[in-house]
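J.: Here it is, the structure, as structure tokens.
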2 protein chains.
Amino acid sequence: MTRQGAIPIQYTNVTSLRVGAMDFGSDDTALNSFRRNVQRVPANKILLHDGEHNCKVIVVIEGWLATSKSSLNGEVQLIDFMLPGDIADPTSADGKTAGLNIEAVTGALVSVIPLAVWHRMLAESPRLARANEQVQAAERARLSERMLRLGRGSAESRIAYALIELCMRLRPLGLSDNCAFHLPLTQRHIGDFTGLTAVHVCRTLRRFVRNGLVETADHMDIRITNLATLSEIAGVEPERLAAEITPLPE
Amino acid sequence: MTRQGAIPIQYTNVTSLRVGAMDFGSDDTALNSFRRNVQRVPANKILLHDGEHNCKVIVVIEGWLATSKSSLNGEVQLIDFMLPGDIADPTSADGKTAGLNIEAVTGALVSVIPLAVWHRMLAESPRLARANEQVQAAERARLSERMLRLGRGSAESRIAYALIELCMRLRPLGLSDNCAFHLPLTQRHIGDFTGLTAVHVCRTLRRFVRNGLVETADHMDIRITNLATLSEIAGVEPERLAAEITPLPE
DNA sequence: CGGATTCTTGATTTCTCTCAACAGATGTGG
DNA sequence: CCACATCTGTTGAGAGAAATCAAGAATCCG
């Protein structure tokens with residue numbers, strides 16, 4: 001928790017953005033709309049509260065966001081991470097109220113778009129509408145994979161899955177090189193993501209390291225050294241998973 | 001399984017369907033498309049397999065469907081129940097492959113629509129597109145509520161939540177009268193829905209009954225007799241929940 | 001009727017949480 | 001620059017919640 005919205009606008013100069021399988025360049029009106037609503041936000045800033053009436057769609061340009069729900073006694077469940085090119089649409093059934101918290105995990109560059117504007121954008125750009133569908137489909141696929149592990153998986157399975165999911169998602173962004181990647185997360189984040197306590201995340205990760213499945217370096221630099229075994233623990237085929245949860249360039 | 005597959009095959013003659021907040025009558029071209037693709041399916045029939053390439057959108061007209069994922073060792077997680085007016089779109093990120101199983105829990109009347117046709121329908125009917133959005137938003141809200149409980153809730157909390165969610169969803173369908181409703185489910189279904197074993201579902205339900213929170217009659221006729229306490233266990237405000245997870249008529 | 005589910009309850013085991021203590025890192029202000 | 005507070009990560013010991021194993025009762029179905 002720190003200083004707020006400070007960070008002045010320097011290179012808010014977005015020249016292109018890939019959403020789903022679609023590249024939006026300077027000649028796209030959609031990109032101009034993104035630009036008009038760009039904000040740079042600091043890490044840990046909450047962009048939207050669950051239940052908030054003034055609901056907005058948030059497009060990630062740079063950095064990590066997370067969507068979450070929290071229980072009355074303060075426990076948090078991360079619902080999904082939103083990476084560059086992802087679209088967080090927190091709207092619930094009434095079409096007005098947010099059903100999620102959205103917060104910045106790292107400093108991030110986002111486009112915050114009022115619902116009305118967003119709907120107009122979708123109507124005016126079939127490409128954007130299509131990209132939006134792809135991104136939503138990818139998110140749905142991720143959510144159900146994760147629900148399966150939350151409901152039926154062991155701690156090992158949940159964490160193995162989380163590592164593989166994030167690895168696969170970072171790959172097309174150029175942020176995962178041969179199963180080595182950096183997670184800007186604490187073990188608490190991983191716990192909130194997998195429905196475990198931070199303590200148990202620690203134990204389980206260390207066990208993975210002891211067993212030669214992953215290596216870790218300073219603050220969450222991860223390298224998966226035995227993808228085959230880790231996949232087996234996660235109950236997943238990595239390539240099939242990648243196809244289902246990340247929109248691939250065509 | 002049981003009787004409720006019974007529903008006689010007479011009125012496959014669909015004269016209107018409410019999807020989200022929208023009524024589609026005989027004068028709607030969308031309804032005609034639904035009609036052209038109507039199928040009656042028996043209980044337990046699997047309509048679509050996770051991973052299946054020939055992916056379709058399924059609109060529920062009557063009865064209960066469930067979407068699910070299963071792990072390699074055969075454990076099942078129900079992702080969501082689909083009730084009349086709901087739309088099951090199992091498409092994953094590649095836009096072609098199904099990311100979910102879809103099966104009939106009861107005998108059901110459904111409209112099975114190929115993806116291409118579905119997209120054409122959405123393009124041609126802004127009302128249908130709007131209804132689709134509402135239904136999807138409601139589903140997203142339900143999924144995140146449930147993920148919170150799967151990750152962070154006790155068995156009591158999960159089951160209490162499930163009962164309240166289903167109660168709230170059945171209400172606008174006229175199937176829940178003053179918190180009394182019938183669930184065409186076994187305790188195993190509830191276990192697969194809440195990520196618990198059937199044994200533990202049984203214990204927990206009986207505890208609720210002993211404590212005067214709910215009454216049960218023959219095979220899953222439920223009456224919530226103390227909604228206040230049950231809501232507290234579920235960590236939910238019933239009316240707010242209802243607004244977030246069910247599309248309300250306008 | 002007989003077989004197959006489903007439900008119920010008890011006894012035991014297993015997994016994860018909770019509590020606790022400490023080390024390392026980070027950051028702050030004097 | 002140091003003293004100090006605050007996070008984060010690590011590890012151990014013990015408690016608690018749900019799973020597993022098991023066996024019998026109730027129900028459904030052909």
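J.: Give just the number: which of (1) within 15 Å of the chain's Cα centre (by Cα); (2) within 14 Å of DNA strand D (Cβ to nearest atom); (3) buried (at least 24 other Cβ atoms within 10 Å of the Cβ) does residue A:159 not satisfy?
T.: For residue A:159, the failing item is (1).
J.: Okay, moving on. Check B:241, B:175 and return the single one that is under 14 Å from the mean Cα position of the chain (by Cα), away from DNA strand C (no atom under 16 Å from the Cβ) and outside the structural domain of residue B:44 (by TED's automatic domain parsing). Spell out how you get there, then give the answer.
T.: Numbers: B:241 fails: under 14 Å from the mean Cα position of the chain (by Cα).
Answer to the check: B:175.
J.: Does residue B:44 satisfy being more than 30 Å from residue A:19 (Cα to Cα), of a type outside the set (Lys, Arg), modelled with pLDDT of 95 or more and open to solvent by 60 Å² or more (accessible area, probe 1.4 Å)? Break it down stepwise before answering.
T.: On the way: more than 30 Å from residue A:19 (Cα to Cα): yes; of a type outside the set (Lys, Arg): yes; modelled with pLDDT of 95 or more: yes; open to solvent by 60 Å² or more (accessible area, probe 1.4 Å): yes.
Taking the combined requirement at face value, the residue satisfies it.
J.: Ok, one more. Could you list, in sequence order, all residues of region B:196-221 that are assigned to a strand (DSSP E or B) and either more than 8 Å from DNA strand C (Cβ to nearest atom) or farther than 19 Å from residue B:179 by Cβ (or both)?
T.: B:214, B:215, B:217, B:221
J.: In this structure, is residue B:162 under 29 Å from residue B:186 (Cα atoms) and not polar (S, T, N, Q)?
T.: Values: under 29 Å from residue B:186 (Cα atoms): yes; not polar (S, T, N, Q): yes.
So residue B:162 passes the test.
J.: Within region A:49-65, which residues are within 15 Å of the chain's Cα centre (by Cα) and within 14 Å of chain B (Cβ to nearest Cβ)? Talk me through it step by step, then tell me what you get.
T.: At the first step, the residues of region A:49-65 found to be within 15 Å of the chain's Cα centre (by Cα) are A:57-65.
Selection gives A:57 alone.
J.: Test residue A:122 against the stated conditions and say whether it is crowded, with 22+ Cβ neighbours inside 10 Å and facing chain B (nearest Cβ under 10 Å). Don't jump to the end; show me each part of the working.
T.: Details: crowded, with 22+ Cβ neighbours inside 10 Å: no; facing chain B (nearest Cβ under 10 Å): yes.
In short, no.
J.: Of all residues being open to solvent by less than 50 Å² (accessible area, probe 1.4 Å) and within 19 Å of the chain's Cα centre (by Cα) in region A:198-233, which is modelled with the lowest pLDDT? Just the residue, please.
T.: A:220
J.: Quick one: would you say residue B:233 is more than 21 Å from residue B:81 (Cα to Cα) and either more than 10 Å from DNA strand C (Cβ to nearest atom) or polar (S, T, N, Q) (or both)? Break it down stepwise before answering.
T.: On the way: more than 21 Å from residue B:81 (Cα to Cα): yes; either more than 10 Å from DNA strand C (Cβ to nearest atom) or polar (S, T, N, Q) (or both): yes.
Against the criterion (more than 21 Å from residue B:81 (Cα to Cα) and either more than 10 Å from DNA strand C (Cβ to nearest atom) or polar (S, T, N, Q) (or both)), residue B:233 qualifies.
J.: Run down A:111, A:92, A:68 and say which single residue is touching a residue at least 60 places away in the same chain (Cβ under 8 Å), within 13 Å of chain B (Cβ to nearest Cβ) and polar (S, T, N, Q).
T.: Values: A:111 fails: within 13 Å of chain B (Cβ to nearest Cβ); A:92 fails: touching a residue at least 60 places away in the same chain (Cβ under 8 Å).
Testing whether each residue is touching a residue at least 60 places away in the same chain (Cβ under 8 Å), within 13 Å of chain B (Cβ to nearest Cβ) and polar (S, T, N, Q) leaves just A:68.
J.: I'm trying to understand the selection: among the residues of region A:54-80, which are touching a strand residue (DSSP E or B) at 6+ places or on another chain (Cβ under 7 Å) and among the hydrophobic types (A, V, I, L, M, F, W, C)? If you could, list the steps in order and put the result at the bottom.
T.: The initial filter retains those residues of region A:54-80 that are touching a strand residue (DSSP E or B) at 6+ places or on another chain (Cβ under 7 Å), namely A:55-70, A:76-80.
Scanning region A:54-80 gives A:55, A:57, A:58, A:59, A:60, A:61, A:64, A:65, A:66, A:76, A:78, A:79.
J.: Which of the residues spanning region A:26-35 are touching a residue at least 40 places away in the same chain (Cβ under 8 Å) and closer than 13 Å to residue A:110 by Cα?
T.: Filtering region A:26-35 down to residues touching a residue at least 40 places away in the same chain (Cβ under 8 Å) leaves A:28-30, A:33-35.
If the condition is that a residue be touching a residue at least 40 places away in the same chain (Cβ under 8 Å) and closer than 13 Å to residue A:110 by Cα, then A:33, A:34, A:35 are the ones that fit.
J.: In region A:125-154, what count of residues is obtained for those that are outside any helix (DSSP H, G or I), more than 8 Å from chain B (Cβ to nearest Cβ) and open to solvent by less than 30 Å² (accessible area, probe 1.4 Å)?
T.: First pass over region A:125-154, keeping only residues outside any helix (DSSP H, G or I): A:125, A:153-154.
Among the residues that remain, those that are also more than 8 Å from chain B (Cβ to nearest Cβ) are: A:125, A:154.
Then drop every residue that is not open to solvent by less than 30 Å² (accessible area, probe 1.4 Å), which leaves A:125.
Final tally of qualifying residues: 1.
J.: Just one of B:223, B:171 is touching a strand residue (DSSP E or B) at 6+ places or on another chain (Cβ under 6 Å) and away from DNA strand D (no atom under 14 Å from the Cβ); which is it?
T.: Values: B:171 fails: touching a strand residue (DSSP E or B) at 6+ places or on another chain (Cβ under 6 Å).
That would be B:223, the only listed residue that is touching a strand residue (DSSP E or B) at 6+ places or on another chain (Cβ under 6 Å) and away from DNA strand D (no atom under 14 Å from the Cβ).
J.: Right, here's the next one. For region A:56-109, give me each residue that is outside any loop (DSSP other than H, G, I, E, B) and open to solvent by 10 Å² or more (accessible area, probe 1.4 Å). Please lay out each step first, then the result.
T.: Quick first cut of region A:56-109, residues outside any loop (DSSP other than H, G, I, E, B) only: A:56-62, A:65-70, A:76-82, A:87-88, A:91, A:98, A:101-104, A:108-109.
Once the filter is applied, which keeps residues that are outside any loop (DSSP other than H, G, I, E, B) and open to solvent by 10 Å² or more (accessible area, probe 1.4 Å), region A:56-109 yields A:56, A:61, A:62, A:70, A:76, A:91, A:101, A:103.
J.: Is it fair to say residue B:231 is of a type in the set (Ser, Thr, Tyr), part of a helix (DSSP H, G or I) and away from DNA strand D (no atom under 12 Å from the Cβ)?
T.: Details: of a type in the set (Ser, Thr, Tyr): yes; part of a helix (DSSP H, G or I): yes; away from DNA strand D (no atom under 12 Å from the Cβ): yes.
The answer is yes for residue B:231.
J.: For region B:189-220, what are the residues that are of a type in the set (Ser, Thr, Tyr) and near DNA strand D (Cβ under 9 Å from one of its atoms)? Give the derivation first.
T.: Pass one, region B:189-220, residues of a type in the set (Ser, Thr, Tyr): B:194, B:197, B:204, B:216.
Residues satisfying the conditions are B:194, B:197, B:204.
J.: Still on this model: Starting from region B:172-192, take each residue that is without any contact (Cβ under 8 Å) to a residue 24 or more places away in the chain and within 14 Å of chain A (Cβ to nearest Cβ) and list its partners that are open to solvent by 30 Å² or more (accessible area, probe 1.4 Å) and more than 8 Å from DNA strand C (Cβ to nearest atom), counting only C-beta distances under 7 angstrom and pairs at least six apart or across chains.
T.: Pairs found: B:191/B:197.
J.: Report yes if some residue within region B:176-184 is in a helix (DSSP H, G or I) and at pLDDT 95 or above; otherwise report no. Step through it out loud before you land on a result.
T.: Going residue by residue through region B:176-184, those that are in a helix (DSSP H, G or I) are none.
There is no residue in region B:176-184 that is in a helix (DSSP H, G or I) and at pLDDT 95 or above.
J.: Of the residues in region A:179-195, how many are farther than 17 Å from residue A:213 by Cβ and within 11 Å of DNA strand C (Cβ to nearest atom)?
T.: Filtering region A:179-195 down to residues farther than 17 Å from residue A:213 by Cβ leaves A:182, A:184-186, A:188-189, A:191-193, A:195.
From the residues that got through so far, the ones that are within 11 Å of DNA strand C (Cβ to nearest atom) too are A:186, A:191-192, A:195.
So the answer is 4.
The values are calculated or read from the model by the stated rules, or taken from the named source; none is laboratory data. The structure presented is a predicted model; accordingly, all values stated were derived computationally and were not measured. So basically every Cβ, Gly included, is an ideal-geometry build from the backbone, and we count neighbours across all protein chains shown. Heads up: the accessible areas ignore ligands, DNA and RNA and are worked out on the full protein's heavy atoms, side chains in. Shrake-Rupley method; radii C 1.70, N 1.55, O 1.52, S 1.80 Å.
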